[in-house]
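The values are calculated or read from the model by the stated rules, or taken from the named source; none is laboratory data. Only a predicted model underlies this, so the values are computations on that prediction, with no experimental measurement involved. Here the Cβ positions follow ideal geometry from the backbone for every residue, glycine too, while neighbour counts run over all protein chains shown.
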There are 2 protein chains.
Amino acid sequence: MHLIITGAAGMLGQRLATALLKRGYLTHSDNQKTEITKLTLFDQVAATMPADPRLNIVVGDVTDPETIRQLITPDTAVVYHLAAIVSGEAEQDFDLGMQVNLAATQILLAACRRLETAPRFIFSSSIAVFGGELPPVIEDGTALTPQSSYGTQKAIGELLVNDYSRKGFIDGRVLRLPTIVVRPGKPNKATSTFASSIIREPLQGLPANCPVTPETRLWIMSPRQAIKSFIQAAEIPAAAWGEHRSVALPGVSVSVQEMLTALAEIAGPDVLEYITWQADPMIQRIVASWPADFAPYRAMQLGFTADHSIQDIIRTFMEDEFTER
Amino acid sequence: MHLIITGAAGMLGQRLATALLKRGYLTHSDNQKTEITKLTLFDQVAATMPADPRLNIVVGDVTDPETIRQLITPDTAVVYHLAAIVSGEAEQDFDLGMQVNLAATQILLAACRRLETAPRFIFSSSIAVFGGELPPVIEDGTALTPQSSYGTQKAIGELLVNDYSRKGFIDGRVLRLPTIVVRPGKPNKATSTFASSIIREPLQGLPANCPVTPETRLWIMSPRQAIKSFIQAAEIPAAAWGEHRSVALPGVSVSVQEMLTALAEIAGPDVLEYITWQADPMIQRIVASWPADFAPYRAMQLGFTADHSIQDIIRTFMEDEFTER
């Protein structure tokens, strides 16, 4: 079985690739374990992975139709579409966001349709599809009202994946990811990057700025839980999804204050001295427009789960980053 | 003030043009009446209208970027975007639907953005953005879950109009039209075309087939009420719309049986003999997936209204078609 990951050089892409190679199979149709014989990692830079005969590393532009037609070979069984311009950058550069987050998704869908084999297509969406005046708890039937261009582009991608699935062109599955915390490495241009920085940097004795108020609530998930969800998304039979191919993943609802309290519990109260509180009204506005509490019943029925707590999320991060490496 | 209508040779386009010319002005910014000095009617065929010095009839392809860049001149104050491939045709020819209903909308929005004057942009959407398992009454916060490619393309257009408005590129307004009944003339390729045929044809002593069961419910609006709503949509100040630019228009919830009972009341029971009942499962499936009852509070707050009754809708049709012409 040949799998393709777009955006494979990103943090989630690389972890997904590692997890898939380690696992070696996916339970595909008819509950049968099917061996992963080829894993193509596509990105604009080469994904850096330990050598593996199953790996096929491809560098290219996801917005170029010819590149994508060559990428999506007839043996493609599963496509993980993770490539995206993050929220902050898509807000600043509208055209770039439209190209990468919308046009490239259309190009990938068209290439999958051409195969006439309806490959599984797992699309990484976001809770940023919700925004503005919202009910206190987001349900499966709540309207998508994005208040950012990134959220708009993801909401459009969801509609396309659903219609392509209904038409039988692909077998699509959409995961609305919570804010991923704690991301390792350096801050990126995502509006939510601070949510990882305020945990990650103090743990390493480095300063981190929190641009939002302590009361600001977030709906979060660890990278490890996200990877588990991506693998589940490919394995759940098409019949279980039914007519709606989009689900909001279960997360943990937590305030910035609760995150920092948990951090102090785990690493001692002194770590909080590394936090500065310089407000950023644009970030505050966008983050406050994201919902922080969900009743994700459809996802739960399909078997998706959340992290246990913010404490667990912080401990998992320390384990993954400071123990293994 | 220069106004442009796309899809202007269509039934609603021609009636909107006639109404705008008769009115002569729009209440634009600051509650001031602004004279309509130029009305461009754009379509793939020439709109047929009585001569008027304000009219500018343009024939072209709405999916051609260069044509649209020339169409949207710097003096454009209002664009009515009505051009579309109807539901049945968009379902049969996926690529044509995507080109006309999605790509052309993107091309128009890009051309409006280039002006840097944020023209008013009134987008004709549809209740086909809803489908599948739905609550008994559709509210303003109900998720868009289209079960047709037409509905998907309209839902995507709504998201784009909202984001372009949020960014200040246009001043967008989206009307989700109920099923328009009674359409004059011949049946078209819309899945809902029968809903007009079963009134229009018997009134003229002609046979009409009803492909759905008598219990099938529809959410309907007369052409006259739709035109009134289009004019209101351009006149309501931007501030009143706020962050959401999409509304479902108030309609009349009526079953096919109730439509025919009203027809018999008005034209005598004999007219029902012109109706045949040959079922069409594809039409039944699509029409049954459309919602037939709404609580359109936001539209009502903005001042939009419904027809009084199905009886009124039938009488209006007889007045417009059999009296005036």
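Just one of the numbered conditions (1) outside any helix (DSSP H, G or I); (2) farther than 30 Å from B:Ala208 by Cα; (3) at the interface with chain A (Cβ under 8 Å from one of its Cβ atoms) is not true of B:Ile156: (1).
When residues of the range A:309-321 are filtered for being touching a residue at least 40 places away in the same chain (Cβ under 8 Å) and surrounded by fewer than 14 Cβ atoms within 10 Å (Cβ to Cβ), how many remain?
Residues of the range A:309-321 touching a residue at least 40 places away in the same chain (Cβ under 8 Å): A:309-318, A:320-321.
From what is left, the residues that are surrounded by fewer than 14 Cβ atoms within 10 Å (Cβ to Cβ) are A:309.
Matching residues across the range A:309-321 total 1.
Considering B:Ala83, B:Ala77, B:Ala104, the condition of being part of a loop (DSSP other than H, G, I, E, B), closer than 21 Å to B:Leu175 by Cβ and away from chain A (no Cβ under 14 Å) is satisfied by B:Ala83 alone.
Take the conditions (1) over 24 Å from B:Met98 (Cα atoms); (2) part of a loop (DSSP other than H, G, I, E, B); (3) under 22 Å from the mean Cα position of the chain (by Cα); (4) among the hydroxyl-bearing types (Ser, Thr, Tyr); B:Thr40 misses just one of them, which is (2).
Output yes when any residue across the range B:163-172 is more than 14 Å from every other protein chain (Cβ to nearest Cβ), closer than 26 Å to A:Arg245 by Cβ and of a type outside the set (A, V, I, L, M), and no when none is.
At the first step, the residues of the range B:163-172 found to be more than 14 Å from every other protein chain (Cβ to nearest Cβ) are B:171.
After this cut, where a residue has to be closer than 26 Å to A:Arg245 by Cβ as well, the list is none.
Looking through the range B:163-172, none of the residues is more than 14 Å from every other protein chain (Cβ to nearest Cβ), closer than 26 Å to A:Arg245 by Cβ and of a type outside the set (A, V, I, L, M).
None of A:Ser246, A:Ser289 is in contact with a Pro (Cβ under 9 Å, 6 or more places away or on another chain), closer than 30 Å to B:Arg166 by Cα and crowded, with 16+ Cβ neighbours inside 10 Å except A:Ser289.
For residues in the range A:189-232 being of a type in the set (Val, Ile, Thr) and part of a helix (DSSP H, G or I), which is farthest from A:Leu26 (Cα to Cα)?
Here is the first cut: in the range A:189-232, the residues of a type in the set (Val, Ile, Thr) are A:191, A:193, A:198-199, A:212-213, A:216, A:220, A:227, A:231.
Now drop any that are not part of a helix (DSSP H, G or I), which leaves A:193, A:198-199, A:227, A:231.
Values: A:Thr193: 32, A:Ile198: 36, A:Ile199: 34, A:Ile227: 14, A:Ile231: 8 Å.
Among those that are of a type in the set (Val, Ile, Thr) and part of a helix (DSSP H, G or I), it is A:Ile198.
Evaluation of A:Ile156 against the conditions (1) out of contact with any strand residue (DSSP E or B) (no Cβ under 7 Å at 6 or more places or on another chain); (2) more than 28 Å from A:Gly303 (Cα to Cα); (3) β-branched (Val, Ile, Thr) shows that the sole unmet condition is (2). Those residues that are under 30 Å from B:Thr27 (Cβ atoms), touching a Ser or Thr at 6+ places or on another chain (Cβ under 9 Å) and within 12 Å of chain A (Cβ to nearest Cβ), I need them from the range B:114-139; list them, please. Within the range B:114-139, just B:Val129 meets the criteria.
Hey, could you check the range A:140-153 for residues that are within 9 Å of chain B (Cβ to nearest Cβ) and touching a residue at least 40 places away in the same chain (Cβ under 8 Å) and say which is surrounded by the fewest Cβ atoms within 10 Å (Cβ to Cβ)? Looking at the filtered set, the residue picked out is A:Asp140. The single condition among (1) within 17 Å of B:Gly157 (Cα to Cα); (2) in contact (Cβ under 8 Å) with a residue 24 or more places away in the chain; (3) in a helix (DSSP H, G or I) that B:Thr63 does not satisfy is (3). Pairs needed: first member in the range B:101-118, at negative phi; second member anywhere, part of a helix (DSSP H, G or I) and basic (Lys, Arg); C-beta distance under 7 Å; at least 6 residues apart or different chains. That search, which allows pairs on different chains as well, returns B:Asn101/B:Lys154; B:Ala111/B:Arg69.
May I ask you to list the residues in the range A:237-284 that are within 14 Å of another protein chain (Cβ to nearest Cβ) and of a type in the set (Ser, Thr, Tyr)? Can you show your working first?
First pass over the range A:237-284, keeping only residues within 14 Å of another protein chain (Cβ to nearest Cβ): A:241-248, A:282.
Of everything in the range A:237-284, just one residue is within 14 Å of another protein chain (Cβ to nearest Cβ) and of a type in the set (Ser, Thr, Tyr), namely A:Ser246.
Residues of the range B:120-165 that are within 22 Å of A:Leu134 (Cβ to Cβ) and hydroxyl-bearing (Ser, Thr, Tyr): B:Ser125, B:Thr142, B:Thr145, B:Tyr164, B:Ser165.
Applying the selection to the range A:130-153, what residues are of a type in the set (Gly, Ala, Ser), outside any loop (DSSP other than H, G, I, E, B) and either touching a strand residue (DSSP E or B) at 6+ places or on another chain (Cβ under 9 Å) or more than 18 Å from B:Val161 (Cβ to Cβ) (or both)?
Going residue by residue through the range A:130-153, those that are of a type in the set (Gly, Ala, Ser) are A:131-132, A:141, A:143, A:148-149, A:151.
Right, trim to outside any loop (DSSP other than H, G, I, E, B) and you get A:149, A:151.
Result: A:Gly151, single match.
Residue under question is A:Gly185, and the condition is that it be at pLDDT below 95 and either farther than 27 Å from B:Asn162 by Cα or of a type in the set (Ser, Thr, Tyr) (or both); does it hold? Explain how you work it out, then say what you get.
Details: at pLDDT below 95: yes; either farther than 27 Å from B:Asn162 by Cα or of a type in the set (Ser, Thr, Tyr) (or both): yes.
Against the criterion (at pLDDT below 95 and either farther than 27 Å from B:Asn162 by Cα or of a type in the set (Ser, Thr, Tyr) (or both)), A:Gly185 qualifies.
Candidates in the range B:78-137 are the residues that are among the polar types (S, T, N, Q) and touching a helix residue (DSSP H, G or I) at 6+ places or on another chain (Cβ under 7 Å); of these, the one that is modelled with the lowest pLDDT is B:Ser87.
I need a count of the residues in the range A:284-325 that are assigned to a loop (DSSP other than H, G, I, E, B), aromatic (Phe, Trp, Tyr) and more than 18 Å from A:Val252 (Cβ to Cβ). Before you say what the answer is, go through the steps one by one.
From the range A:284-325, those assigned to a loop (DSSP other than H, G, I, E, B) are A:290-293, A:295-296, A:302-309, A:324-325; that's our starting set.
Keeping just the survivors that are aromatic (Phe, Trp, Tyr) gives A:290, A:304.
When the remaining residues are screened for being more than 18 Å from A:Val252 (Cβ to Cβ), the result is none.
Matching residues across the range A:284-325 total 0.
Can you tell me how many residues within the range A:251-265 are surrounded by 15 or more Cβ atoms within 10 Å (Cβ to Cβ) and either among the hydrophobic types (A, V, I, L, M, F, W, C) or in a helix (DSSP H, G or I) (or both)?
Kept after step one, since they are surrounded by 15 or more Cβ atoms within 10 Å (Cβ to Cβ), are these residues of the range A:251-265: A:251-256, A:258-263.
From what is left, the residues that are either among the hydrophobic types (A, V, I, L, M, F, W, C) or in a helix (DSSP H, G or I) (or both) are A:252, A:254, A:256, A:258-263.
Number of matching residues: 9.
Checked against (1) touching a residue at least 24 places away in the same chain (Cβ under 8 Å); (2) within 14 Å of chain A (Cβ to nearest Cβ); (3) farther than 21 Å from B:Gly88 by Cα, B:Ala233 meets all criteria but (2). Just one of the listed residues (A:Arg176, A:Arg183, A:Arg200, A:Arg224) is over 14 Å from the mean Cα position of the chain (by Cα) and either surrounded by fewer than 24 Cβ atoms within 10 Å (Cβ to Cβ) or of a type outside the set (Ser, Thr, Tyr) (or both), namely A:Arg200.
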